Structures are given as C-alpha cells and as structure tokens.
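The values are calculated or read from the model by the stated rules, or taken from the named source; none is laboratory data. None of these values were measured; they are calculated from a predicted model. Virtual Cβ from ideal backbone geometry, glycine too; neighbours counted across all protein chains shown. Just the protein is used for accessible areas: all its heavy atoms, side chains included, with ligands, DNA and RNA removed. Shrake-Rupley method; radii C 1.70, N 1.55, O 1.52, S 1.80 Å.
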Amino acid sequence: MKKVLSVILCLTLTLSMMVAFGSAGAEASKGVINIYTFTDEVPKMIQRYIELNPDFGYTVNATIVATTDGAYEPALDQALVAGGADAPDMYCAEAAFVLKYTQGDMASYAATYEDLGIDVAAETKAADIAQYTIDIGTRPSDGKLVGLGYQATGSAYIYRRSIAKDVWGTDDPAVVADKIGPGWDKFFAAAAELKAKGYGIVSGDGDIWHAVENSSEKGWIVDGKLTIDPARETFLDLSKSLKDNGYHNDTQDWTDAWFADMKGIGAQPIFGFFGPAWLINYVMAGNSGGTKPGEGTYGDWAVCNPPVGFFWGGTWVIANAASEKKEAVAKLVEWITLQSDDKGLQYGWANGTLYGEGGTKDTVSSGTVMAMSNGELAFLGGQNMFDVFVPANQFANGKNLTQYDSVINLLWRDQVRQYTAGNVTREDALAAFKQAVTDQTGIEAAE
C-alpha cells in the first residue's frame with residue numbers, strides 16, 4: 001500500500017480557521033468528519049456548506065486519491081475495512097465502480113439514508129430525483145437507499161453549428177437530431193454526408209462507446225457469467241465502420257488528439273461529441289481554444305437528441321454505517337443530494353451560483369431544481385442546454401451496470417481497437433476478450 005498511500009493528497013477544511021476569519025462567535029469544533037473521494041469537487045462543496053452554515057461545528061478532513069492507475073478503490077477499501085478514528089465517515093464513488101459500494105462486495109459498509117434520519121420516500125419525491133440515480137444507489141439485499149448523486153448525466157450529441165450549416169444549411173437542433181437519429185443507421189448516413197464535405201462525425205470510437213454501453217439492455221455480468229449484450233457486441237461493427245470509412249480521426253478519448261478535435265485543429269474537422277453537461281463544462285469549454293464566442297470553437301456548439309438515449313458518469317455520495325457522526329454527516333448528504341429549494345447545493349450547481357454569480361451551470365439530479373433553473377450557455381451560442389439534457393434523463397438506465405465495469409470496459413475497448421486496426425479477426429477479438437476477463441476477474445463467459 002505504500003505506493004497507493006504516496007499518491008494520497010490530504011485536504012483539510014478546518015472550521016476553526018474559517019471561524020477565525022469569518023464568524024468570531026462560533027463554537028469550537030465538535031470533532032472531525034473524514035471523507036474519501038477522488039477529486040476536490042465534493043470537498044469544495046462541503047467547504048461551501050461550512051461557509052454558509054458556520055454553526056455546523058465540525059472540522060472536515062478530505063482524503064483525495066485520484067482514480068489514475070486504479071489507486072482510489074484499494075485506498076478506500078482499506079480505510080473502510082480498517083475502521084477506527086481515521087475511517088471515512090462519508091465517501092464518494094463514480095459510475096464506473098459505484099455498484100461495488102452500493103450493491104456489490106463493499107455494500108455492507110454503507111449506511112442507509114434512512115439510518116441517517118432522512119425521510120427517503122418523501123424527500124426523493126419532493127426533489128423529483130432522477131430514477132436511475134435511485135436505482136444505482138439502492139442496495140438489493142434490503143432494498144434500502146444507500147447512495148445518491150447530485151448530477152444528472154443524461155446525455156446528448158454536442159455538435160458544431162458552423163459544420164451543420166455547411167452540410168445541411170441549418171444549425172437547428174431539431175433538424176440535426178433528425179439527421180443523426182434515431183438509430184445508428186441514420187447516424188452513419190449522416191456520417192457519409194459529413195465525410196463528403198470533408199468532416200468527421202466523431203473524433204474516435206470512444207465517442208460512441210458510452211452511448212452504446214449505457215443504452216444496452218444487459219450489463220457485463222448476468223447470473224454470475226460474462227455476457228455480451230447484442231448492443232455492445234455491435235460496437236465492434238460500428239467502430240470498424242467509423243475507421244474503415246474515415247468517419248473519425250481515430251483518436252482515443254482523454255488524449256491530446258481528442259482535445260485537439262474540440263479546438264477544431266485535428267486531421268479533419270470533427271462535427272460532434274457525445275456526452276452530458278459535465279463534458280461541456282469541464283472538458284470541451286476548456287479545450288475549445290477560447291473563452292468567449294468568436295475565439296476558437298467557443299460559441300460554435302449546440303446540443304441535440306442523440307441517436308440512442310444514454311447517460312455517462314456521475315458521483316454518488318455514501319455514508320459509512322460505522323460512523324459515530326451520522327447526524328452531522330446526514331446534514332452534508334442531504335444538502336448535497338436532496339435539498340431542492342434555492343438554498344441547497346443543487347440549485348447553486350444548476351444555475352452557476354454556488355460560489356457566486358457567473359459560475360458553471362450543470363444538470364442536477366433534482367427535477368424540481370431543474371424546473372426552476374436556466375441552462376443558457378454562451379458556449380452553446382446561447383442555447384438553453386436543459387431543454388435537451390433534462391428530457392435525456394428519462395433514457396438513463398442504472399440497471400445495466402456492474403461492479404466490474406471499470407475493469408471489463410478497458411479489456412473490451414482494447415480488443416475492439418485490435419480488431420479495427422486489423423490485428424485480429426472479429427472472432428479472435430471476442431475470444432481474447434472473454435479470456436482476459438476470466439484471467440483478471442475469475443468470471444467465466446456464458447455459453
């Protein structure tokens with residue numbers, strides 16, 4: 001564990017310091033609340049809660065372990081198993097591995113929201129929480145809610161307005177949505193039209209993978225066996241068609257070449273990307289080559305319905321059943337995941353006002369909050385992104401995830417690349433994938 005521990009970054013949000021500089025009469029710290037997470041996003045939220053509620057009275061110690069090289073899960077697992085004063089009172093899990101902590105091997109460590117004193121039925125209804133986030137956060141062994149997110153990550157197709165006008169004479173989202181879908185046949189017909197004009201429809205096959213993965217009926221594991229849903233197997237053919245026809249720049253997501261296509265400086269101009277609001281806010285905007293309309297591709301984007309409905313990503317907040325500070329933890333959990341008035345985190349998160357006016361807007365899991373929020377973005381040429389992203393949540397399905405997704409997806413994507421590069425046959429790619437899953441997880445493929 002020395003290597004894992006060496007990458008741990010501890011971030012301490014000390015209430016006594018804030019009191020000294022802000023509210024002279026506040027009481028001394030009531031104790032320490034430990035949180036484990038993989039980015040500084042939730043710790044910053046908690047810091048904001050403390051600023052807004054100076055009588056909260058607790059020091060919060062956040063241990064941040066990046067998910068790079070799979071470091072986060074082992075560190076969190078060790079901390080939960082070890083218990084004691086340094087164990088996390090609350091912790092976060094992202095979509096790629098959340099089921100391990102809400103429904104899988106580590107689910108027994110999670111406190112139910114009910115045990116935190118939260119009226120789950122009433123509050124989820126009042127907040128109109130997206131159903132897929134509830135499904136993912138519900139422990140099957142007792143049917144109890146143990147985790148919720150704050151984002152809604154129903155996704156869209158994010159496209160260049162200037163390219164749409166050049167190819168089809170309009171950048172109207174309704175028209176573009178009809179050109180690219182519904183269904184992959186229409187998407188590839190649009191890809192051919194775009195190619196004839198010198199454009200790629202996506203940057204790389206990773207851009208369509210999340211749409212394929214999260215629109216499938218079944219997850220990777222069914223009745224204890226590796227199962228390849230027909231929709232996911234079709235990804236082999238979709239990926240090969242993209243490559244063979246030059247419909248993309250053959251990039252890999254999260255690489256410099258992928259980011260270059262967001263700036264419009266890749267091998268061929270790329271029409272669009274698939275993703276939720278967070279992809280726009282935290283990835284595309286910063287890689288557009290500008291900060292206001294007219295600079296780089298900033299302002300030249302719009303969103304429309306994708307060929308298939310899907311979601312991508314999200315962070316779930318979980319409390320430790322062994323925590324001795326459940327009352328305080330409940331306040332944080334409730335404010336982040338369920339409070340749906342204009343004083344809760346989600347309202348500030350949706351309207352870009354959590355840290356003051358002019359902040360980043362994002363879709364949130366509360367439909368109640370979304371109904372009273374404005375999603376107009378200069379990056380999207382003034383389009384209200386909520387008009388597309390809110391309805392997209394109805395297509396999000398939390399029932400096709402497994403606790404092994406992060407591992408199996410890497411193995412799958414590698415074999416798909418081997419196939420599309422011509423290094424192996426389709427049959428050999430499937431066989432190699434099945435064997436790799438068995439080797440790494442011990443799970444055999446279904447007959």
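Think of it as helices only: each DSSP H run of n ≥ 4 in the chain is worth -39500 (n - 2.57), and spread over all residues that comes to -11500 deg cm²/dmol at 222 nm.
The Cα center of the stretch 361-396 and the Cα center of the stretch 104-133 differ in position by 23 Å.
Computed with every protein chain present, the accessible area of Glu295 is close to 60 Å² [probe 1.4 Å].
Seen from Arg413, the other residues with C-beta closer than 13 Å to its C-beta sum to a net charge of -4, counting Lys and Arg as +1 and Asp and Glu as -1. When nucleic acids and ligands are ignored and a 1.4 Å probe is applied, Thr170 ends up with an accessible area of around 40 Å².
The residues Lys292, Lys343, Lys326, sorted by heavy-atom accessible surface at 1.4 Å with ligands and nucleic acids left out, run Lys343, Lys292, Lys326 from largest to smallest. Taken over the C-alpha atoms, the stretch 366-408 has Rg and Dmax values of 14.9, 40 angstrom. Per-residue SASA remark: His248, around 20 Å² accessible (1.4 Å probe; ligands, DNA and RNA not included). Once you've got the GNM for the chain with C-alpha springs shorter than 10 Å, pick whichever of Gln339, Gln252, Gln78 has the biggest mean-square fluctuation. Comparing Gln339, Gln252, Gln78 in the GNM, the peak value goes to Gln78. What aspartates and glutamates does Lys165 reach when the alpha-carbon gap must be under 15 Å and sequence neighbours fewer than 8 apart in one chain are set aside? Answer for Lys165, where 15 Å is the Cα cut-off: Asp178, Glu193, Asp300, listed by chain and number.
Based on C-alpha pairs under 8 angstrom that are at least 6 apart in sequence, the stretch 259-320 has a relative contact order of 29 percent.
Once you have a ≥ b ≥ c as the square roots of the Cα gyration tensor eigenvalues for the chain, tell me rounded if a/c is under 1.5, and otherwise prolate or oblate according to whether a/b is larger than b/c. Since a/c reaches 1.5 but b/c is at least a/b, the shape of the chain is classed as oblate. Shape class for the stretch 300-418: oblate, because the ratio a/c of the largest to smallest gyration tensor axis (alpha-carbon atoms, square roots of eigenvalues) is 1.5 or more and b/c is at least a/b. The residues Trp312, Trp258, sorted by heavy-atom accessible surface at 1.4 Å with ligands and nucleic acids left out, run Trp312, Trp258 from largest to smallest. Say the dipole of the chain comes from +1 at the beta carbon of Lys and Arg and -1 at that of Asp and Glu; which of Gln78, Pro43, Gly359 then lies farthest toward its positive end? Final value for the positive-end residue is Gly359. The residues packed around Gly289, meaning those with a beta-carbon under 14 Å from its beta-carbon, carry a net charge of -1 if Lys and Arg are +1 and Asp and Glu are -1. Shape of the stretch 25-136 from the C-alpha gyration tensor: oblate (a/c of 1.5 or more and a/b not above b/c, with a ≥ b ≥ c the square roots of its eigenvalues). Cross-link check: pairs Lys218/Lys331; Lys179/Lys263; Lys225/Lys331; Lys44/Lys292; Lys179/Lys218 evaluated at a Cα-Cα cut-off of 31 Å; pairs beyond the cut-off: Lys218/Lys331; Lys225/Lys331. Centre-to-centre, using Cα atoms only, the stretch 206-223 and the stretch 51-91 are separated by 30 Å. Counted by Cβ distance under 14 Å from Ile221, the other residues give a net charge of -1, where Lys and Arg count +1 and Asp and Glu count -1.
Placing unit charges on the Cβ atoms only, positive for Lys and Arg and negative for Asp and Glu, gives the stretch 226-339 a dipole magnitude near 280 debye about its Cα centre.
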